[in-house]
Amino acid sequence: MTTLIAYKSDPVRGAVWHDIFSREAPDLRLVDWAPEGEAAQARFLVAWTPPEDLLRAMPGLEALFCIGAGIDHLPVAALPPAVTVVRMVDPDLTASMVEYVTMAVLALHRDLPFYRTEQAAGRWTPRAVRPAAMRRVGIMGLGVLGQAAARAVAGFGFPVRGWSATPKDLAGIETFAGDAALGDFLAGTDILVCLLPLTSATRGLLDRRLFDRLPDGASLVNAGRGGHVVEADLLAALDGGRLGGAILDVLAAEPAPADHPLLSHPRVMVTPHVASATQPAGAARQVIQGVRAHLRGEPIPHAIDRGQGY
Ligand SMILES: O=C(O)C(=O)CO
């Protein structure tokens, strides 16, 4: 019997998914999601936004493949433990995130938010140029994206440290793990990069208490989720001079309202959640590998740990 995989996402990228499945996995059949169609019988679903009341819509569901790296928006708790939830790990998605973090770290290191404001005011205000070796970058979250970003940033000569919930060993990167080590990690971080997954343990973690543990004038890059940051505390830290600047790809409410104070802040640069995106070819191949592993009775690579929430 053919294995059915339902696809519920953008139809333009869907054309690439169909092409890869028909050429590389003729034994598997990708069908576009429709509530009344055969897709409802599928054992696997690929989606960013699953159908409402997923289990009723797909009673035979065995695995949900998220089309993005983050799964915090999915109704995981409502799914029985037998349904595996899988995160996307796509080389193009990782590469784009590495570009974004590198760009943001360099922009903060080279005072770009400051020069943008000076230029707008018609001012010519040079600041001292500091070598990368004098700017310490701290990356929170050392999963696939965090590790790749840490290596890339270290390549410019920045001393790089990383913090994660559980201990990680990374060549050339000083690593810290758990709540007890957070203070030491922050005290030696001039540019803080958040790439954490959003869970009940990390929601609101970037608050006044955390900003107070950074060196004076430190800056922030958030390419995780808006929910990591207490935005009122970030604004207060920027206005009070604790933080020198921020580059944010994500905000608590997206799209952000036009009058959001972070959008107009002179030392903040905001991008509209574009740091990275899954590309269809690599994503389709990850799903093919994952479905095949499952059919062989093996664990699906990049399945989330429900206890950890990512
Ligand atoms: O992949 C993700 O989780 C994203 O946020 C992409 O937009």
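The values are calculated or read from the model by the stated rules, or taken from the named source; none is laboratory data. Since the structure is predicted, the reported quantities are computational estimates derived from the model, not experimental observations. Glycine also receives a Cβ, built like all others from the backbone with ideal geometry; neighbour counts cover every protein chain displayed. All accessible areas refer to the heavy atoms of the entire protein, side chains included, with ligands and DNA or RNA removed. Shrake-Rupley method; radii C 1.70, N 1.55, O 1.52, S 1.80 Å.
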**Message:** Could you go through region 137-150 and let me know if any residue there is open to solvent by 70 Å² or more (accessible area, probe 1.4 Å), part of a loop (DSSP other than H, G, I, E, B) and at pLDDT 95 or above.
**Reply:** no
**Item:** Failed criterion for Val291 (all others in (1) more than 13 Å from the ligand (Cβ to nearest atom); (2) within 30 Å of Ala63 (Cα to Cα); (3) surrounded by fewer than 17 Cβ atoms within 10 Å (Cβ to Cβ) hold)
**Value:** (3)
**Prompt:** Between a first residue in region 225-252 that is at pLDDT 95 or above and a second residue that is of a type in the set (Gly, Ala, Ser) and open to solvent by 30 Å² or more (accessible area, probe 1.4 Å), which pairs have beta carbons less than 6 Å apart while being 6 or more apart in sequence or on different chains?
**Reply:** Gly226/Ala252; Glu231/Ala252; Gly244/Gly217
**Request:** Quick one: in region 165-187, of everything that is of a type outside the set (A, V, I, L, M) and farther than 21 Å from Ser219 by Cβ, which residue is least open to solvent (accessible area, probe 1.4 Å)?
**Result:** Gly178
**Message:** Which numbered condition in (1) assigned to a loop (DSSP other than H, G, I, E, B); (2) closer than 30 Å to Val46 by Cβ; (3) more than 16 Å from the ligand (Cβ to nearest atom) is the only one that Arg285 fails?
**Reply:** (1)
**Asked** Considering region 1-16 alone, what residues qualify as being closer than 12 Å to Trp33 by Cβ and open to solvent by less than 60 Å² (accessible area, probe 1.4 Å)?
**Response** Leu4, Ile5, Ala6, Tyr7, Lys8, Ser9, Asp10, Gly14
**Prompt:** When you scan region 271-288, how many residues do you find that are buried (at least 19 other Cβ atoms within 10 Å of the Cβ) and under 30 Å from Pro257 (Cβ atoms)?
**Reply:** 3
**Prompt:** Given the residues Arg203, Arg213, Arg208, which is the only one that is within 16 Å of the ligand (Cβ to nearest atom), farther than 30 Å from Ala6 by Cα and open to solvent by 70 Å² or more (accessible area, probe 1.4 Å)?
**Reply:** Arg203
